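Q: Structure below; questions to follow.
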Amino acid sequence: MLLKEIKYLLWQELKLENRQRFAFNGILLYVISTVYVVYISTKGDTQPQTWVSLFWLIMLFASANALQKSFVRENSNRYLYLYTLSSPQGVIISKIIYNGMLTGVVSLLTWLVYSVLMGDAVSNKWLFLCSLWLGNTGIASLFTFISSISSKSSQNSTLVAVLGFPVLLPLLLTLIRLCNASVMGVSVADAQNYLYVLLALTVIIWAMAYLLFPYLWRE
Amino acid sequence: MEIKKHWWKIVCMLLLFYTIMAGFLIEVPRMPILNETIRNLFFHVTMWFSMIVLLLISVINSIRYLSSQNQSHDITASEAVNTGVFFGILGLLTGSVWARYTWGAWWTNDAQLNGAAVTMLAYLAYIVLRNSIEEEQKKARISAVYNIFAFVMMLVFIGVLPRMTDSLHPGKGGNPGFNTYDMDSQLRMVFYPALIGFILLGIWIMQLKIRLKKIENSKQNEATHC
């Protein structure tokens with residue numbers, strides 16, 4: 001039942017995305033121009049550790065920007081109609097899956113553009129990809145949940161950053177450590193602990209979103 | 001005023017008097033670098049413990065609010081956060097003055113300092129969130145949700161991650177000072193009473209703020225009825 005609902009809602013999201021293609025293109029352009037700003041201001045010459053932290057800063061702001069609208073995108077009357085039909089759990093899970101896919105695509109493209117301009121500092125590609133994927137899933141889930149909180153208040157856009165960044169820091173800190181390890185060529189087995197922490201954090205975020213979202217939902 | 005209900009306030013006063021007097025007067029172990037600043041243990045570390053207790057009270061009340069929709073739980077939750085943030089600011093001040101004279105900097109990139117910063121930022125965000133929503137019940141519900149979420153993330157940040165790295169704090173990593181094993185019995189004789197005293201003080205301040213808030217609310221209700 002829930003699965004069917006999620007599948008249906010996911011399909012709706014994709015259709016909506018296809019209709020508003022400028023939104024996705026906007027995010028891509030945002031990422032590319034930010035990378036270019038970073039490239040111009042550092043002249044493409046950075047230490048590996050700076051490389052990693054700049055990359056995650058770009059990703060962080062890009063996903064904050066992309067996802068802050070995830071609950072105010074549609075016309076509110078249509079929302080009301082669509083969501084009287086489905087359960088809050090279905091809504092939050094489908095949003096998280098959808099946003100995870102969206103930021104996943106964005107992050108891969110960012111990595112491409114970033115390493116073309118700034119040089120490729122990563123020596124263990126698999127570890128970097130692993131942490132990129134896990135980290136993005138975590139960040140996307142967190143911002144989805146935070147944007148559902150902030151969409152209820154009057155000043156939406158600043159609130160996403162204010163509410164999101166402090167609670168995001170544990171995730172970001174682990175991610176940056178992992179990526180530093182991947183830059184230094186540490187093997188996946190050696191960085192295992194951090195990967196587990198990342199996974200655990202993501203699971204905690206999912207659990208909290210699943211349990212708490214119904215309370216946000218009830219109007 | 002029955003003594004049965006208020007005895008703990010007297011205990012709190014006595015313990016704090018004892019803390020202030022004994023805290024400055026007793027013999028303390030002489031440690032390199034720390035020297036006399038070891039006394040900050042009684043006035044700095046206790047702030048963080050009080051803050052954590054207040055935030056715990058707050059998150060429990062947020063959970064109770066979500067399950068009961070009783071407005072008084074929401075008032076308790078928000079006033080506990082306000083008091084907790086106040087204690088947090090005191091902790092930051094006492095900590096950073098101390099750090100200036102022992103580590104040579106107001107702020108360092110230390111796991112525990114990061115934890116403190118995150119906690120303060122998250123709870124200041126909680127206060128901003130509350131102020132940005134007009135409607136009372138909506139405000140209570142949404143901020144309760146954020147409170148629970150932030151508390152869990154904060155627990156991960158200050159409970160799990162610091163164990164994976166070293167810290168500059170005395171007794172952690174390879175730093176001179178005490179840890180739970182070589183903390184002097186003299187220090188403990190003041191530290192534990194100080195801990196209880198400051199936690200009770202925090203709860204007392206919180207209660208006063210709750211009563212004030214309730215009076216304000218009922219006055220507002222009267223004004224709207226007239």
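Q: Only counting protein heavy atoms at a 1.4 Å probe, give the residues of segment B:144-160, ordered by number, whose accessible area falls by 20 Å² or more when the other protein chains are present relative to the chain alone.
A: Checking the loss per residue gives B:Val145, B:Tyr146, B:Ile148, B:Phe149, B:Val152, B:Met153, B:Val156, B:Phe157.
Q: Still on this structure: Roughly how much accessible area, to the nearest 100 Å², goes out of reach of solvent when B and A pair up, both sides summed, probe 1.4 Å?
A: 2600 Å²
Q: Still on this model: Suppose we flag GluC sites (Glu not before Pro) only when DSSP calls them loop and at most 13 other Cβ atoms lie within 10 Å. Which is the longest uninterrupted stretch of chain B?
A: Here the longest run is B:28-133.
Q: For segment A:124-219, which trypsin sites (Lys or Arg not before Pro) pass both filters: DSSP loop (anything but H, G, I, E, B) and at most 12 other C-beta atoms within 10 Å? Each step should come with its number before you reach the end.
A: Working: sites: A:Lys125, A:Lys152, A:Arg177, A:Arg218; in loops: A:Lys152, A:Arg218.
Sites meeting the loop and neighbour criteria: A:Arg218.
Q: In percent, how large is the relative contact order of chain A, given Cα pairs closer than 8 Å and 6 or more residues apart?
A: Reported relative contact order: 28 percent.
Q: Just the C-alpha atoms of segment A:86-197: what Rg/Rh do they give, with Rh taken as the Kirkwood radius? Working shown, then result.
A: On the way: Rg = 15.8 Å, Rh = 15.4 Å.
Result for segment A:86-197 is an Rg/Rh of 1.03.
Q: Also, quick follow-up: Once you place label points 7 Å from the Cα toward the Cβ at B:Ile26 and B:Arg100, how far apart are they in nm?
A: With each label point 7 Å from Cα toward Cβ, the separation is 2.8 nm.
Q: What is the local net charge at B:Ala77, summed over the other residues whose Cβ is closer than 13 Å to its Cβ (Lys, Arg +1; Asp, Glu -1)?
A: Combined, the nearby Lys, Arg, Asp and Glu give +4.
Q: Specify the angular offset, from 0 to 90 degrees and rounded to the nearest 10, of the alpha carbon long axis of helix B:71-102 from the longest principal axis of the alpha carbons in chain B.
A: Compared with the principal axis, the helix lies near 20 degrees.
Q: Could you rank A:Cys179, A:Cys130 by how accessible they are, 1.4 Å probe, largest area first?
A: Largest accessible area first, the list is A:Cys130, A:Cys179.
Q: For the pair B:Gln137 and B:Ile215, what calculated FRET efficiency results from E = 1/(1 + (r/R0)^6), where r is the Cβ-Cβ distance and R0 = 22 Å, to the nearest 0.05?
A: 0.60
Q: Can you give the accessible area of A:Leu199, probe radius 1.4 Å, in Å² rounded to 10?
A: 80 Å²
Q: Mind jotting down a quarter of the surface of the convex hull over the alpha carbons of chain A, in square nanometres, one decimal?
A: Orientation-averaged projected area of the Cα hull: 12.2 nm².
Q: Around A:Asn124, what is the net charge, scoring Lys/Arg as +1 and Asp/Glu as -1 over all other residues with Cβ under 15 Å from its Cβ? Could the numbers behind the result be given before it?
A: Numbers: positive: A:Lys125, A:Arg177; negative: A:Asp120, A:Asp190.
Net local charge, A:Asn124 excluded: 0.
Q: In Å², and per residue, what accessible area does segment A:2-217 have when probed at 1.4 Å with the other protein chains present?
A: 46 Å²
Q: Considering only DSSP states other than H, G, I, E and B, which trypsin sites (Lys or Arg not before Pro) in segment B:30-77 qualify as loop sites with at most 13 other Cβ atoms within 10 Å?
A: Sites meeting the loop and neighbour criteria: B:Arg30.
Q: Further question on the same structure: Which whole-number percent is the relative contact order of chain B (Cα, under 8 Å, 6+ apart)?
A: Worked out over chain B, it gives 33 percent.
Q: Within segment A:2-217, count lysine pairs with alpha carbon atoms under 24 angstrom apart where the residues are 8 or more positions apart or belong to different chains.
A: Pairs that pass both the separation and distance tests number 10.
Q: Given only helices, namely DSSP H runs of n ≥ 4 each adding -39500 (n - 2.57), what is the per-residue ellipticity at 222 nm of chain A, to the nearest 500 deg cm²/dmol?
A: -29000 deg cm²/dmol
Q: Which shape class applies to segment B:6-127: rounded if a/c is under 1.5, otherwise prolate when a/b exceeds b/c and oblate if not, where a ≥ b ≥ c are the square roots of the Cα gyration tensor eigenvalues?
A: Here segment B:6-127 falls in the oblate category.
Q: Could you order A:Ser53, A:Ser154 so the one with the most accessible surface comes first? Probe is 1.4 Å.
A: Values: A:Ser53 40, A:Ser154 100 Å².
Per-residue accessible area, sorted high to low, gives A:Ser154, A:Ser53.
Q: Mind pulling the angle between the C-alpha long axis of helix A:125-150 and the longest principal axis of chain A? Nearest 10 degrees, somewhere in 0 to 90.
A: Taking Cα atoms only, the helix is inclined about 40 degrees.
Q: Another one. May I ask for the angle, rounded to the nearest 10°, between helix B:185-225 and the longest principal axis of chain B, with both axes built from Cα atoms and the value confined to 0 to 90°?
A: Here the helix axis deviates by roughly 20 degrees.
Q: Further question: What fraction of the Cα pairs in the protein assembly as shown, stated in percent, has a spacing above 28 angstrom?
A: 58 percent
Q: If you rank B:Arg141, A:Arg19 by how much accessible surface each has, with a 1.4 Å probe, what is the order from largest down? It would help to have the intermediate numbers written out before the result.
A: Numbers: B:Arg141 25, A:Arg19 160 Å².
I get A:Arg19, B:Arg141, largest accessible area first.
The values are calculated or read from the model by the stated rules, or taken from the named source; none is laboratory data. Not measured: the values here are computed from a predicted model. A quick note on method: Cβ atoms are made from the backbone with ideal geometry, for glycine too, and the neighbour counts reach across all protein chains shown. These area figures cover heavy atoms from the full protein model, side chains too; ligands, DNA and RNA do not enter into them. Shrake-Rupley method; radii C 1.70, N 1.55, O 1.52, S 1.80 Å.
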